[in-house]
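The values are calculated or read from the model by the stated rules, or taken from the named source; none is laboratory data. As the structure is a computational prediction, the values presented were derived from the model and not from experiment. Note: ideal-geometry Cβ built from the backbone for every residue, glycine included; neighbour counts use all protein chains shown.
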Amino acid sequence: MHKRQMLKSMAAALALSLGVSSAQADVTIRYAHVGSEGDIQYWYAEEFAKRVAERTEGRVTVQVFPNSQLGGAQETVDGVRSGAIPLAHHEFASLARLLPDIAAFAAPFAYRDGRHAMAATDPNSSEVMQDLSQQLVDAANIRVIGRLYRGARQMTANMAVYSPADLEGQRFRGVPLQLWTTMINGMGAIPTPVEVAELPTALLTGMVIGQENPLTMINANKLFEVQTHVMLTGHMQNVLPVFINEDAWQSIPEADRAIVGEIAAEIGEETLEMGLKAEVDLIDELKGKGMTFITEADGLKVEEFRTSVGAEVAKDFPTWAPLIERIQAIE
């Protein structure tokens, strides 16, 4: 009897650690991300939770915790690995501590455009994505089940920037991940890690003179209040992987796993269309809010940024070249 009770207790503890409820064989999954309301990633998670509940008829419930409620990038990844946070989305580079090469999907200037980026990161059809996702399962018990598109990342600053030479000696915000440190070095600036929740304050106080993000995030986080210029470098096509603890994934009945995967894919494609439209619409909107846009026609030297950043990436991530070749070969 004591042995049976002990086994029941262990099973209950495991279910709790995964965020899984055993009542009526239903499953509840906690979903964490750092996005704030108005950002495409915020919409993605809310819509994902809504459609999963509807199409599984309540058998799978997703509870969303946005705006870094459960922690920043490192806490989120660690939580998914342990199962304390079963489901999340964040940058591919945030998974690099677990599988270094997966950050190649976030490499600057790796994609031709947003559609290419989404095709290359599709866990249902991209052979290179499937390969790296399985490696992530083996290495860290985490599976990529979808992705979402936030748009091309653009540079902002409180001054006009035309080339890497203009950023020499300037402190520039980077996501607190090695890839961003490498990229900001290549952009000519001094990399200064700042979590997204602290970014407006860092820009307002002059801790950093600029940052880079998709226009959707720049608008949603009201960075137009603390930045004057946008440089349309398009240096990254910002695709975020949606990833889940493998034990939590396997706890979902197979038929419902298929539904969850379908929903992740379809909403991902919707974010692509939304992101591409927003990239056009937001230029006029942000101009109306006082921001000045600098393009190649205005003298922005995108090729200088491409060359300089590419040299830094090749130096710091020497194993990526074959992966980037595979990514770039995808139609």
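Please work out which one of (1) under 17 Å from A248 (Cβ atoms); (2) in contact with a strand residue (DSSP E or B) (Cβ under 6 Å, 6 or more places away or on another chain) is the condition L95 fails and give its number.
(2)
Out of all the residues in segment 71-81, which are at pLDDT 95 or above, buried (at least 19 other Cβ atoms within 10 Å of the Cβ) and not hydroxyl-bearing (S, T, Y)?
Once the filter is applied, which keeps residues that are at pLDDT 95 or above, buried (at least 19 other Cβ atoms within 10 Å of the Cβ) and not hydroxyl-bearing (S, T, Y), segment 71-81 yields V77, G79, V80, R81.
Among Y149, Y111, which is the only one that is crowded, with 19+ Cβ neighbours inside 10 Å, part of a loop (DSSP other than H, G, I, E, B), in contact with a helix residue (DSSP H, G or I) (Cβ under 7 Å, 6 or more places away or on another chain) and of a type outside the set (A, V, I, L, M, F, W, C)?
Being crowded, with 19+ Cβ neighbours inside 10 Å, part of a loop (DSSP other than H, G, I, E, B), in contact with a helix residue (DSSP H, G or I) (Cβ under 7 Å, 6 or more places away or on another chain) and of a type outside the set (A, V, I, L, M, F, W, C) holds for just one of Y149, Y111, which is Y111.
If only one of E246, E270 is under 26 Å from A140 (Cα atoms) and of a type in the set (D, E, K, R), which one is it?
E246
Taking interchain pairs and intrachain pairs at least six residues apart, which have beta carbon atoms under 6 angstrom, with the first residue in segment 221-240 and at negative phi and among the basic types (K, R) and the second in a strand (DSSP E or B) and surrounded by fewer than 24 Cβ atoms within 10 Å (Cβ to Cβ)?
Nothing qualifies.
Yes or no: L272 touching an Asp or Glu at 6+ places or on another chain (Cβ under 8 Å) and either charged (D, E, K, R) or surrounded by 16 or more Cβ atoms within 10 Å (Cβ to Cβ) (or both)?
No; evaluated as a whole, the condition is false for this residue.
Given the criterion modelled with pLDDT of 95 or more, closer than 20 Å to I142 by Cα, out of contact with any helix residue (DSSP H, G or I) (no Cβ under 6 Å at 6 or more places or on another chain) and not hydroxyl-bearing (S, T, Y), identify the matching residue among G261, G234.
Within the list G261, G234, the selection yields G261.
For segment 162-178, does any single residue satisfy the condition of being over 18 Å from R306 (Cβ atoms) and in a helix (DSSP H, G or I)?
Yes.
Test V309 against the stated conditions and say whether it is among the hydrophobic types (A, V, I, L, M, F, W, C), without any contact (Cβ under 8 Å) to a residue 60 or more places away in the chain and under 28 Å from R147 (Cβ atoms).
No.
Got at least one residue in segment 258-276 being closer than 21 Å to V226 by Cβ and of a type outside the set (K, R)?
No, segment 258-276 has no match at all.
Looking at F293, F305, which is the one that is surrounded by fewer than 18 Cβ atoms within 10 Å (Cβ to Cβ) and either closer than 13 Å to M155 by Cβ or among the charged types (D, E, K, R) (or both)?
It is F293.
Give me the pairs: first residue in segment 277-299 and among the acidic types (D, E), second residue surrounded by 14 or more Cβ atoms within 10 Å (Cβ to Cβ), beta-carbon distance under 6 Å, and six or more apart or on different chains, which are they?
Going by the 6 Å Cβ cut-off, the qualifying pairs are E279/G151; E279/L215; E296/V302.
Taking V161 as the residue in question, decide whether it is β-branched (V, I, T), more than 12 Å from the chain's Cα centre (by Cα) and over 18 Å from G186 (Cα atoms).
Here the answer is no, as V161 does not meet what is asked.
Tell me the residue from A84, A117 that is surrounded by 20 or more Cβ atoms within 10 Å (Cβ to Cβ), at pLDDT 95 or above and touching a strand residue (DSSP E or B) at 6+ places or on another chain (Cβ under 9 Å), please.
A117
Output the number of the condition that A103 fails; it satisfies all remaining conditions of (1) in contact with a strand residue (DSSP E or B) (Cβ under 6 Å, 6 or more places away or on another chain); (2) part of a helix (DSSP H, G or I); (3) among the small types (G, A, S).
If we test A103 against (1) in contact with a strand residue (DSSP E or B) (Cβ under 6 Å, 6 or more places away or on another chain); (2) part of a helix (DSSP H, G or I); (3) among the small types (G, A, S), just (1) comes out false.
Taking segment 87-100 only, how many residues are outside any helix (DSSP H, G or I) and buried (at least 21 other Cβ atoms within 10 Å of the Cβ)?
Summing the residues that are outside any helix (DSSP H, G or I) and buried (at least 21 other Cβ atoms within 10 Å of the Cβ) in segment 87-100 gives 5.
Out of everything in segment 152-184 that is closer than 19 Å to T205 by Cα and touching a Leu at 6+ places or on another chain (Cβ under 7 Å), what residue ends up being surrounded by the most Cβ atoms within 10 Å (Cβ to Cβ)?
Selected residue: R173.
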